[in-house]
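So the structure is just underneath, and the comments pick up after that.
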Amino acid sequence: MGSSNPKTGELADKYEPSAIEGKWYQYWLDNKFFRSTPDEREPYTVVIPPPNVTGVLHMGHILNNTIQDVLIRKARMEGKNACWVPGTDHASIATEAKVVKMLRAQGIKKSDIGREKFLEHAWEWKEKYGGIILKQLQTLGASCDWDREAFTMDAERSEQVIDMFIKLYNDGHIYRGLRMVNWDPEGKTTVSNEEVIYKEVDSKLYYINYRVVGGGYVTIATTRPETLLGDTAVCVNPEDERYKDLIGKTAIVPLVNREVPIIGDKYVDTTFGTGCLKVTPAHDMNDYDLGKKHNLEVIDIFNEDATLNANAQIHIGKDRFVVRKEIINDLKKAGCFIAEIPYKNKVGTSERTGAIIEPRLSEQWFIAMKKLCEPALENVLNKNIEFHPASFENMYKSWIDNIQDWNISRQLWWGHRIPAYYLPTKEGEEKQFVVAKSLEEAFELAKAKDANIKIEDLKQDEDVLDTWASSWLWPISVFDPEELEYYYPTTTLVTGFDIIFFWVMRMIIAGYFLKDEKPFKHVYFTGMVRDQQRRKMSKSLGNSPDVFKLMDRYGTDGLRYAILSSVAAGNDIMFDTPVPPDGSTDEQRAKFYEIPKNLDSKLCETGQKFANKIWQSYRLLSSWEVDESLPNPNKVALEWFEAIFNQELAKIERNFNEFRISDALTQVYSLFWHNGYCSWFLEMIKPDYDQAAGKAKPIDKATYDFAIDYFERLLNLLHPFMPFITEEFWQRIKARDEKETICFAPYPTPGEQNPQIVAEAEMIFEVITSIREIRTKKGIKKHDPLKLAVKTDSPDSFTKFAQILQKQNMAAISEIEFVEDKVAGAASFVVRNHECFIPLEGKIDVEQERKKLEKELERQKRNLNTSSNKLKNDKFVNNAKPEIVNNERKKLADAEAQIKVLEESLASL
RNA sequence: GGAUCCUUAGCUCAGUUGGUUCAGAGCAUCUGCCUUACAAGCAGAGGGUCGCUGGUUCGAAUCCAGCAGGGUCCACCA
């Protein structure tokens, strides 16, 4: 089974991502390289944060999933059993809203077709659009185990969700109760506190007179005059001198003439409004609490669509905002209206429908959270679960400290139906119910309560569970019970910090409740992708770039490079995106994105150029002709590159361990290109051009093998970040078997460190740069041979690298001479303690040379000053660590030596 | 109101236990090169009092306090 390597023969002049990306992904898929089953290896498990089943890939997903892919690919190469589980979330309220909208477009009303028919349509929709996003993840290169694709509402998951509910209920963590909840009058469902978005609006504060029984008036202030129809008290602060005598009296609610008590409670802020508060326990959270405390009557005046019901007595059937206007007129007529003043306040709106939330008393299901949270908090604070960055622990703690019971019932159909079955009840009796997995089991339980009951008398609760009450099981529910033992707890969760409370915390709770074990060891929080105006990217703003256009233009590897090189854990990413003008049609938008001009853009381009650079360096390697009879003239270059590779690799590894992924990538990039392989190493070993033969001279075998070997190691190092191009060249660089892949190539591990050669090379590179600078300044051609004279105590470092200094593409030094004295009429520079001269026979600009030397002299004098001051300070010498003091002595000596050298040079000019 | 993070080059940001290679990177800018892998490139250059004010320390971009400005989360708002 599986296809063989789709190797390509011809090597194009330039890098064309589209020519390689698709074919390699198909090859990986065909051979099931991402398949994971339990074995004796250590597992590295990641579960995807399941995107909404009807979602479409956007920048946020790219960020999130690319990071997961990097972690999982690296683990796979390290020989771990890497398992990345993909899947989607049914997203109860969002999906139902979409289906309702679609049906409405067809002229179908949800209420007309009923639950079963509606769900048929919903599943149909899911089959059609669900999973598009997973296909899109494949174009990103995501190395998920696609045989494990899961959906929060498929059979296995659903069963576990229901089992969890029953277990929580039987353990006493779930209760049903009449509570003040957030009611969305448009969706006609409750929403959780987290789904309420507060928006600042311009509203008005109305002052209204209530008549006090026994004489006088009390003036209250309210932003919601329509709710006075449900008032059952007036409240003042008992310490308020103005009103405290009123406590115990009664007042008359205008228009409905209800006599209500005047109560005292410190809750009332004496400085706000008039210091008198009307109390409507049915329609305000705080009033509800006051009502409970003072045993007030609760009068609910709203229907489920926020029109007034019969309890309101007047304006029955009208909408709350219509009534607000009319009530004000009524009050004016009745002479109770005092004033209205402009006022800014925040109004809760539904995250999904945008409707203004109405606090409403209703029967709902709740999970008691306090107790369940205990292990969830403890195991984060004690680092049993590690947050990256750790600063999110604070936010997490404050969430848990302020946690309230979780309203888990939703008045929707798309979701997991609550497994509660009601027994028939007479009017006025409290409802009786049983909680069970099936109607049959419910019947058995119900018989205990009522021996005469018939199975058809049982009615299942109409509501479904909050989506998060299924996704909190995700790290558990995606595995079969026996596999769970192997894969759980998972290794790393990568997710946005915006759902730390919605999801992360709840998974931790569920993990400890069900398994008595954490769901994951590490949590890597990503920031939000924002546009240049720092706005979160969102569909409604239309400021998210078309990710497929980006992949087309820059290559998937290029886009991955861009996104990865700008992620620091938890930090937001600004992605410079051009935004089409407001009010653009979809067509105009599409056009706008057709040619992304400026899409951060620069970073994608850098990634694309990097890929091309790799391409070009392979072209160079592959053009070389090997002559096995040649000796190896590049021993120093090889020794150096091995050293720098090991040194940088150790740094990269450190960064990975701390989840500093962008730093790791930047280092790989730099090692491959500007500070390592391409810019220095390849230039050092590149054979000269043979004019007579019209081609490059042959290369010795040792050098060639080394170059190929380290090219391969670099590809391995880069593969987790840029999987496609690295596979392409990994396949080309050596003969591979049919089913081989870089996906399982060994991830490089740091070898022995050799700081000596690294330091020496650095010195030589400085010399080369200085010589190049002299060439640039004097207008001397690159290949014109120059002599180098050096006054130094350690000529070895120079002779060691002589061959490199001589190379035309390095410094083109024809001859190195070691001298005792200054060389007159030469351009000079100093590197460390080595004084270098380039004789230029009359090409010297004395004035320019003097300026340069003076500038350097000044700098060294400053250094001398700093060091000598430090060393004169006894406190420094006595207190600082010995190596710091020694180093300071060395710096002082260096500065002194250099000053001497520079002064002599100046004198000799 | 509570919490929390941030302020470093023109822009976007690193800077890990206070000390060496600490004042960095990329982009942008400037100069010179179409040199047989690569102009999607090569070789060079300039650019910052690390928000401000104090403090701790032998020593501060780094620790502490205050101030100014910005972000984010939470709560309240009758």
May I ask for the percentage of alpha-carbon pairs in segment A:480-531 that lie more than 17 Å from each other? 41
Add +1 for every Lys or Arg and -1 for every Asp or Glu among the other residues with Cβ under 9 Å from the Cβ of A:THR54, and state the total. +2
By the Kirkwood definition, with r running over pairs of different Cα atoms, segment A:698-785 has a hydrodynamic radius in Å of 16.5
Candidate residues A:ARG211, A:ARG258: accessible-area rank, largest first, probe 1.4 Å: A:ARG211, A:ARG258
Between A:LYS777 and A:ASN52, what length comes free when the chain is fully extended (0.36 nm per residue of separation minus the Cα-Cα distance, one decimal in nm)? 254.9 nm
Note down the magnitude of the dipole of segment A:107-258 about its Cα centre, charges +1 on Lys and Arg C-beta and -1 on Asp and Glu C-beta and zero elsewhere, to the nearest 20 debye. 760
Calculate, in nm to one decimal, what A:PHE548 and A:TYR689 gain on full extension: separation in residues at 0.36 nm each, minus their alpha carbon distance. 46.5 nm
Report the Stokes-Einstein translational diffusion coefficient (µm² s⁻¹, integer) for segment A:409-544, Rh taken as the Kirkwood radius over Cα pairs, at 25 °C with viscosity 0.890 mPa s. 133
In whole angstrom, how long is each semi-axis of the equivalent ellipsoid of segment A:24-86, when you take the square root of 5 times every eigenvalue of its Cα gyration tensor and sort them from largest down? 22, 14, 12
Taking the radius of gyration and the Kirkwood hydrodynamic radius from Cα positions alone, what is the Rg/Rh ratio for segment A:168-227, to two decimal places? 1.19
Which percent of the accessible heavy-atom area of segment A:803-909 goes to carbon and sulfur, probe 1.4 angstrom? 48
Once label points are set 7 Å from the Cα along Cα→Cβ at both A:ASP30 and A:ALA334, what is their separation, rounded to one decimal in nm? 8.1
Among A:VAL256, A:MET684, A:PHE610 - extreme Cα towards positive end, dipole of chain A, charges at beta-carbon: A:VAL256
Could you order A:GLU363, A:GLU835 so the one with the most accessible surface comes first? Probe is 1.4 Å. A:GLU363, A:GLU835
A:LYS397/A:GLU427 FRET efficiency (R0 35 Å; Cβ-Cβ; nearest 0.05): 0.15
What is the P(r) of segment A:284-436, as percent of Cα-Cα pairs per 10 Å bin from 0? 7, 20, 31, 23, 14, 5, 0
The relative contact order of chain A, taking Cα pairs under 8 Å that sit 6 or more residues apart, comes to a percentage of 12
Among GluC sites (Glu not before Pro) in segment A:184-246, those in a DSSP loop whose Cβ has at most 13 other Cβ atoms within 10 Å are A:GLU239, A:GLU241
Using alpha carbons only, what's the Rg to Rh ratio of segment A:326-397 with Rh from Kirkwood? 1.28
Please work out how much accessible surface A:VAL547 shows to a 1.4 Å probe, ignoring ligands, DNA and RNA, in Å² rounded to 10. 0
If you project the alpha carbons of segment A:221-269 onto the principal axes, what extent comes out on each, in Å, largest first? 29, 22, 14
Given labels modelled 7 Å from the Cα in the Cβ direction, how far is it in nm from A:ASN886 to A:ALA650? 1.8
Over segment A:160-301, what portion of Cα pair distances is larger than 25 Å, expressed as a whole percent? 38
per DSSP, antiparallel bridges as share of beta bridges in chain A, % nearest 5, sits at 70
Describe numerically, in nm with one decimal, the distance between label points set 7 Å from Cα along Cα→Cβ at A:LYS900 and at A:ASP305. 9.7
What is the log10 of I(q)/I(0) for segment A:6-129, computed with the Debye formula using one identical point scatterer on each Cα and no solvent, at q = 0.21, 0.23 Å⁻¹? -1.19, -1.29
In segment A:92-149, the trypsin sites (Lys or Arg not before Pro) that sit in a DSSP loop and have at most 15 other Cβ atoms within 10 Å of their own Cβ are A:LYS109
May I ask you to evaluate 6.51 cos²θ - 1.76 cosθ + 1.60, the Karplus curve with θ = phi - 60°, for each residue of segment A:677-682 and list the ³J(HN,Hα) values in order in whole Hz, giving x for glycine and proline? 4, 6, 6, 10, 4, 4
Probe 1.4 Å, all chains present, heavy atoms only: A:HIS294 accessible area in Å², nearest 10, is 60
For chain A, what ratio Rg/Rh do Cα atoms give with a Kirkwood hydrodynamic radius? 1.10
So what does log10 I(q)/I(0) come out to for segment A:117-211 at q = 0.14, 0.17 Å⁻¹, using the Debye formula with one equal point on every Cα and no solvent? -0.98, -1.17
Along principal axes, largest first, the alpha-carbon spread of segment A:82-160 in whole Å comes out as 49, 30, 17
What translational diffusion coefficient, to the nearest whole µm²/s, does segment A:425-503 have by Stokes-Einstein, given a Kirkwood radius computed over alpha-carbon pairs, a temperature of 20 °C and 1.002 mPa s viscosity? 130
Bins of 10 Å, beginning at zero and ending with the bin holding the largest distance: percent of Cα pairs per bin for segment A:223-328, please. 16, 46, 30, 8, 0
Cleavage-rule hits, chymotrypsin sites (Phe, Trp or Tyr not before Pro), segment A:220-325, DSSP coil, Cβ neighbours within 10 Å at most 15: A:TYR267, A:PHE272
Heavy-atom accessible area per residue, chain A, 1.4 Å probe: how many Å²? 46
Across 5 Å bins beginning at 0, the whole-percent shares of Cα-Cα pair distances in segment A:361-403 come to 5, 20, 27, 18, 12, 8, 5, 4, 1
Treat segment A:848-894 as a sphere of radius equal to its Kirkwood radius over Cα pairs and apply Stokes-Einstein at 37 °C in a medium of 0.692 mPa s; give the translational diffusion coefficient in µm²/s, rounded to a whole number. 284
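The values are calculated or read from the model by the stated rules, or taken from the named source; none is laboratory data. Since this is a predicted model, take the numbers as computed values, not measurements. All Cβ positions, even for glycine, are placed from backbone atoms using ideal geometry, and neighbour counts span all protein chains on display. Areas reflect the complete protein model, heavy atoms only, side chains present, ligands, DNA and RNA absent. Shrake-Rupley method; radii C 1.70, N 1.55, O 1.52, S 1.80 Å.
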